[in-house]
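K.L.:
Pasting a structure below so you can have a look.
Taken together, the values in this text are just the output of simple stated rules run on the coordinates, not laboratory data. Keep in mind that what you see is a predicted model, and the values were worked out from it rather than measured. Here Cβ is always computed from backbone atoms with ideal geometry, including for glycine, and neighbour counts include all displayed protein chains.
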Amino acid sequence: GIDNGGLARAHEYLPYPDLKFSPSEPNPQGQKYPEFLLSEVVPFIEDHYRVRGGPGNRTLGGSSYGAGAALFTVIAHPGSFAGLLLESPSVYASDYQLLKDAAAVHEWPRRIFIGTGTVQEPVEDVNKLAALFRQAGFDDRHLRVMVQEGGTHSEASWAKRFPDALKFLFN
């Protein structure tokens, strides 16, 4: 439950410029996010809460720009998370640089759930991302893609898919 950055979310989450965002974010700081997460947030959680520590017990997720930040984190630090939840992932910035980065990754989390709706949602981008994971060897036991008919880019739609995501990611 990391704060979504509010009005600064594009600045905090994006690893690459998003010139389509209005106003555009030409100098995002999202490349710092993985280090912040792994050097500050994860140690705090593992030190202060009753959780099983270690990469094999961690799942990272996000929605929209947060999904892009989660994807960038597992690209930048392979082996740091066992699961990945991507809701309505924004991967288009800088001519799909996140997808280009992902194509070179050889170590992914064991299970990946991707969700999207069909109303003003990135269905085509989700399909590109899913194809990339399938090319990396993922099958239906390790990759779940849920396209919610009528789902929108909203917390309400993400919440409807969340129980299925949890069941899949945590078996």
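K.L.:
Which of the peptides 154-163, 56-65 is most tightly packed, and how do the rest follow, going by the mean number of other Cβ atoms within 10 Å of each residue?
P.N.:
Highest to lowest by the protection proxy: 56-65, 154-163.
K.L.:
For the range 1-46, what mean projected area does the convex hull of the alpha carbons give, in nm²? The partial results should precede the final answer.
P.N.:
Details: hull surface 13.3 nm².
Average projection, Cα convex hull of the range 1-46: 3.3 nm².
K.L.:
Which value in Å is the Kirkwood Rh of the range 92-150 over different Cα pairs?
P.N.:
Roughly 12.2 Å, rounded to one decimal.
K.L.:
Filter K20/K167; K20/K128; K128/K167 down to the pairs with a C-alpha to C-alpha distance above 29 Å, please.
P.N.:
K20/K167
K.L.:
Enumerate by residue number the trypsin sites (Lys or Arg not before Pro) in the range 113-159 meeting two conditions: DSSP loop (anything except H, G, I, E, B), and at most 11 other Cβ atoms within 10 Å of the site's Cβ.
P.N.:
Sites meeting the loop and neighbour criteria: R141.
K.L.:
For the chain, rounded, prolate or oblate, judged on the Cα gyration tensor with a ≥ b ≥ c (square roots of eigenvalues), a/c < 1.5 rounded, else prolate if a/b > b/c?
P.N.:
Rounded shape, in that the Cα axes give a/c under 1.5.
K.L.:
Further question: According to the square roots a ≥ b ≥ c of the eigenvalues of the Cα gyration tensor, what is the shape class of the range 61-124, taking rounded for a/c under 1.5, prolate for a/b larger than b/c otherwise, and oblate for the remainder?
P.N.:
Here the range 61-124 falls in the oblate category.
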